[in-house]
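The values are calculated or read from the model by the stated rules, or taken from the named source; none is laboratory data. As the structure is a computational prediction, the values presented were derived from the model and not from experiment. Counting neighbours? That spans all protein chains shown, and the Cβs are built from the backbone with ideal geometry, glycine included. With ligands, DNA and RNA removed, areas are computed over all heavy atoms of the protein, side chains included. Shrake-Rupley method; radii C 1.70, N 1.55, O 1.52, S 1.80 Å.
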Amino acid sequence: MNRKRALIADTFCLTKRRRCAADSVTGESQDIRSSLQYLVTLFSRKLFNDSLPPVVLKHQLYSLHNDKTSVDKQVNELRETGELLMFQLGFDSEAFALVFAEDYRAKVLQGEAGRGTLGTVEKFLTKLIPSCSDLSFNKEKMLKEFLFTDSEITQLVKSGVLTVRDAGSWWLSIPNSGKFIKYFIKGRFLTLETHAVVVRVNIWALFLTGRKAVLGMVKKSKYGEILQTELEGRRTTSQVKFQMKYHIHDIIGAELVECIQTTSGTLLRYVDGNVN
Amino acid sequence: MLSFLYARQSGLDDPVRLRRAESTRRVLSLELNHNRDVDRIHGNGINTLDIEVIDGRYMLSGGSDGVIVIYDLENNSKKPQYTCKAICTVGRSSRHVHKFSVETVQWYPHDTGMFVSSSFDKTMKVWDTETLKPAEEFQFDGNVYCHHMSPVARKHSLVAVGTKDPKVQLCDLKSGSRIHILQGHRGEILSVRWSPRYDHILATASTDSRVHIWDVRRASGSLFTLDQHNGDKSKTSSEAVNTAHNGRVNGLCFTADGLHLLTTGTDDRMRLWNSATGENTLVNYGKVVNESRKGLKFTVSRGCSPEFVFVPCGSSVAVYGLHSGELITMLRGHYNNVDCCEFHPDYQELYSGGKDCNILAWVPVLRQPDIEDEETNSKRVKQSETFF
């Protein structure tokens, strides 16, 4: 080891760390790709009738790895090589969604099969996936660099690959994410009348209600804290559509709960002052 | 530690390396010490602290009641238990005291004969330390949030003042004039800082989410604005282009060498920038809780090998590694919100003041002395017994 390069702080024993009973899932591995693949398995495909590619939120990676800066760096590297696509989500300017490029391509083409817009969408995907790592496109870029016409742009917006950002620019988006249908069933105890109310919601609105419900579970526990293993074992209410582990990684990564290592495992404590 | 000593002795390492290693070790073991206390004079929260650069002996503090206090930090008694006494105060009974809360105080960078304070009573006063009377008073149109004098300037004595007005004003202490104005911001100026490397570079932060870097010798506008996305316009909505934060920017701090600039914002983020190019280094500190409506005063360590940032976060002070973004520890001890903190570079101590009217001293935990001599040890035991 070159003495001059070694960090001085490494030679000193830092804060006391209690040994926790269960290690984290990835242990010491620094590989982002394997963490992403693990998180992808937590995304429930069946819920959306298999019409969406598995989506992972970028801050879920922070719950699996300690060093946020290196996570960001590796994610950017994967985006540069065209393996990963990043999307801006509406609800938070800092929340980004990640999708593997092959999954995205497969699902989009599957959704477009048999429609007139298939050709345009394919052309867009071939331009986008290997080289471009932007989150939004403005009109100049679409017309000059990508050589699309106005009618083709309209077709792309209609198919869901682009959504409007403001006049003359568009966000890259995941098709079919706004079409999910939520059923409310209202019933009365005495009579057998039931009303089915159908509402069209965005998948992220569903996600946010689920996140709020999980945070509520943590907040209502005694002292506002709960062991992570216990939370995973709890039954999910009807508000929570995604898998519990998916939500847990999300609230840890977004720092909505504080993670404390104890001798019985990881403890999640609700952080006051949350907006959500 | 012994390896560092041996390497220094045999000439394998630079002398500076041992010094840095010991400073780093001391900062990593900062703790609240019941032996060190600071006199409690303020009746209301403490907004600002400043330790003078020449000796590191005297500390100024400004409070929400308009009171300014000077403390002596040096321990001249032979005992380990020591209270930093307040030597003099500009109290409520003084004729010249500020009418409202004092927001910023700063010693004159070249000697302790003078200090400058600015307050919400729309004035900035230049005080003579000997007589505790203001030698000069500058009136402004709006609340003064912050001011700063360049620590390295020899050719000019400009004080940069940030007020409710979007124009940054430069007051000259030599002539008393205030004609130099820097235009460019669109909101209140919450924080101003001169660079510790160049005497003409100034950074200003404002509620319009922008941070401008100025060269005061130029007649035209700012040199550049800090952009959190580094020019990548696709990442954000169109209104938020070219901003340093997604909320108000309320804290600025240069690192000791002046090469990097830290900014904190009400979007709960802290960012590290390259001060020469304005590039966001993208170090991710995570969520740095920031609810302050005025400026936040935070500080960076000096003389350690990985530098540390001390940021007030709610009622504790968070310590982060500067370039790694890792949260090292949270220093808990205040009963209410912490507003300011100041690092003493010679002794690696941290002083923090907050709304609970306390100034706490965080001192590196030293090892207990070894039992070398039966006699001297029993003397020590007798001494410590007299305290109880």
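Along the stretch A:234-241 the Karplus relation, 6.51 cos²θ - 1.76 cosθ + 1.60 evaluated at θ = phi - 60°, assigns HN-Hα couplings of 5, 6, 7, 6, 5, 6, 8, 8 Hz to successive residues, with x for each Gly and Pro.
Distant-in-sequence amide contacts of B:GLU103, defined by a placed amide H-H separation under 5 Å and a gap of 5 or more residues or a different chain, comprise B:SER118, B:SER119, B:PHE120.
Amide H contacts of B:GLU307: B:LEU322, B:HIS323, each under 5 Å away and 5 or more positions distant or on a separate chain (H built 1.01 Å from N in the peptide plane; Pro and chain starts excluded). Could you pull the accessible area for A:THR229 with a 1.4 Å probe, rounded to 10 Å²? Taking all protein chains as shown, A:THR229 has close to 100 Å². Count Lys and Arg as plus one, Asp and Glu as minus one, and take only other residues whose Cβ is under 12 Å from that of A:LYS222; the net charge is then +1. Taking both sides together, the accessible area buried where A meets B is about 2400 Å² for a 1.4 Å probe. Peptides A:54-67, B:174-187 ranked from most to least packed, by the mean per-residue count of other Cβ atoms within 10 Å: A:54-67, B:174-187. Inter-chain neighbour count for B:111-119: the average number of beta-carbon atoms from partner chains within 10 Å of each residue's beta-carbon is 0. Specify whether the C-alpha gyration tensor of chain B places it in the rounded, prolate or oblate class, a ≥ b ≥ c being the square roots of the eigenvalues: rounded for a/c under 1.5, otherwise prolate if a/b is larger than b/c and oblate if not. Judged from the Cα gyration tensor, chain B comes out oblate (a/c at least 1.5, b/c at or above a/b).
Taking every residue in A:132-143 and counting other chain Cβ atoms within 10 Å of its Cβ, the average works out to 2.
Lys and Arg at +1, Asp and Glu at -1: add these up for the other residues within a Cβ distance under 12 Å of B:ASP356 and post the number. Local charge sum for B:ASP356: +1.
Scalar couplings 3J(HN,Hα) for the stretch B:64-72, obtained by applying the Karplus form with A = 6.51, B = -1.76, C = 1.60 to θ = phi - 60°, are 6, 8, x, 8, 10, 10, 10, 10, 9 Hz; x denotes Gly and Pro. Taken as Cα centroids, the stretch A:203-276 and the stretch B:254-278 sit 33 Å apart, rounded to the nearest whole angstrom.
Peptide B:317-324 has a mean shielding of 1, counted as Cβ atoms of other protein chains within 10 Å of each residue's Cβ.
Each peptide in B:134-140, A:235-241 was scored by the mean count of other Cβ atoms within 10 Å over its residues; highest first, the order is B:134-140, A:235-241. The 3J(HN,Hα) values that the Karplus relation (6.51, -1.76, 1.60; θ = phi - 60°) gives for the stretch B:46-59 are, in residue order, 9, 9, 8, 9, 8, 9, 6, 7, 6, 10, x, 9, 10, 10 Hz. Gly and Pro appear as x. For the stretch B:244-269, list whatever residues lose no less than 10 Å² of accessible surface once every protein chain is in place, relative to that chain by itself, with the probe at 1.4 Å. SASA drop of 10 Å² or more in the stretch B:244-269: B:ASN246, B:ARG269.
Given an 8 Å cut-off on Cα distances and at least 6 residues of separation, report the relative contact order of the stretch B:259-339 as a percent.
Values: 160 pairs, mean separation 16.3, N = 81.
The value is 20 percent.
Scanning residues 5 or more positions from B:GLY187 or on other chains, those with amide H under 5 Å from its amide H are B:THR207, B:ASP208, with H placed 1.01 Å from N in the peptide plane.
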